[in-house]
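A.B. asks: I am attaching a structure below and will ask some questions about it afterwards.
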Amino acid sequence: MKRYLTLFFKGAGMGAADAVPGVSGGTIAFITGIYEELIHSIKQFGPSAIGAWRRGGTMGLYRHLNLAFLLPLLLGIAASVVSVAHLVTWLLDHHSLLLNAFFFGLVLASAVVVARQVSQWRWRHVMLLVLGICMALWLPSLLPAPTETSWWMLTLAGAIAISAMLLPGVSGSFLLLVMGFYGTVMEGIKSIDIALIATFGAGCAIGLMVFSRVLSWLFRHYREGTLLVLIGFILGSLPQLWPWREMVSYRLGSGDQIVPLDYRYLMPSDYSVITGEPSHLVAAIALMIVGLVLVMVIGERSPSPFQEDRTHV
């Protein structure tokens with residue numbers, strides 16, 4: 001029962017993080033020590049599940065899919081999306097600077113926690129880190145910019161967003177924002193729009209089936225290189241969370257939703273002068289420290305997410 005509750009709350013943390021553009025639920029999975037088991041468990045959904053059911057019946061399928069792990073985690077994510085995510089999106093609308101400060105500290109510390117898993121640092125590792133950073137920074141500019149919300153674009157958006165959510169440091173919510181679907185999807189979830197949720201969910205299912213297999217293969221064959229690129233992804237997401245910034249260019253998405261294209265990153269003192277808004281320096285730094293400490297404590301207590309679990313490969 002304790003493990004189920006723990007997984008439920010880890011899932012709730014992932015769901016809350018995924019609601020914030022710039023933060024990835026995969027980052028929460030990393031720092032709580034469940035990332036690789038999550039990837040391997042998702043990978044089990046496919047043709048092999050039919051064979052497991054034929055051999056062992058319902059219990060064989062239950063064990064094959066690792067549902068003892070996935071069910072409480074998914075319940076936590078779902079509970080967060082319909083409850084905590086509402087609070088997070090409200091904070092994003094009314095106190096975005098302070099919320100970004102907290103998540104900036106959280107994500108920065110998560111990069112440190114993950115970096116501890118690298119056995120021995122070498123100069124060639126810098127290239128992989130830079131690759132991850134560049135991919136995180138350039139990915140949004142490569143995404144399509146739809147002019148209308150069609151079912152196939154919504155399905156594609158679901159596949160892209162869920163794939164990003166599996167990557168620590170790459171925010172599925174931010175990519176939805178870039179594609180112009182963030183507001184549409186969040187409002188659909190809040191209003192329980194079954195058709196929209198089903199279409200978006202179909203895309204998510206496709207993305208999970210494909211991308212989980214890619215990640216699992218990479219971890220099995222190129223574990224250290226994959227780990228280094230993912231650290232780069234985490235570091236590359238930090239500019240999206242810098243609290244003191246000013247939007248300098250944008251475009252209008254579906255429903256006249258503002259989609260940021262570029263920001264100017266400022267020092268706290270300059271932020272107040274240029275924008276006329278308070279910098280909340282003391283509160284923001286305090287929240288950064290809270291995020292840092294929280295992740296460091298969780299990282300110390302959680303098992304390494306890179307200790308291979310042979311039962312789920």
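Read-outs throughout are calculated quantities, based only on the coordinates presented, and are distinct from any laboratory measurement. Bear in mind the structure is a predicted one, so any value in this text is a computation, not a measurement. Because the Cβ atoms are built from the backbone with ideal geometry, glycine has one as well, and the counts that use them run over all protein chains shown.
A.B. asks: Could you rank the peptides 151-164, 115-128 by their average count of other C-beta atoms within 10 Å per residue, with the highest value first?
C.D. replies: 151-164, 115-128
A.B. asks: Given the Cα-Cα distance of residue 247 and residue 93 and 0.36 nm per residue of separation, how much length would full extension add, in nm?
C.D. replies: Length gained between residue 247 and residue 93: 53.9 nm.
A.B. asks: Could you estimate the translational diffusion coefficient of the range 1-93 from the Stokes-Einstein equation, with Rh from the Kirkwood formula over C-alpha pairs, at 37 °C and 0.692 mPa s, in whole µm²/s?
C.D. replies: D = 234 µm²/s.
A.B. asks: Additional query: Grab the Cα-Cα distance for residue 209 and residue 124, subtract it from 0.36 nm times how many residues apart they are, and report the gain in nm with one decimal.
C.D. replies: 27.4 nm
A.B. asks: In terms of modelled amide H atoms, which long-range or inter-chain residues lie less than 5 Å from the amide H of residue 264?
C.D. replies: 246, 247, 248
A.B. asks: Related question: Given the Cα-Cα distance of residue 134 and residue 224 and 0.36 nm per residue of separation, how much length would full extension add, in nm?
C.D. replies: Gain in length upon complete extension: 30.6 nm.
A.B. asks: Packing-wise, with mean Cβ within 10 Å as the measure, how do 34-46, 53-65, 230-242 rank, highest first?
C.D. replies: Per-residue Cβ counts within 10 Å, averaged per peptide and sorted highest first, yield 230-242, 34-46, 53-65.
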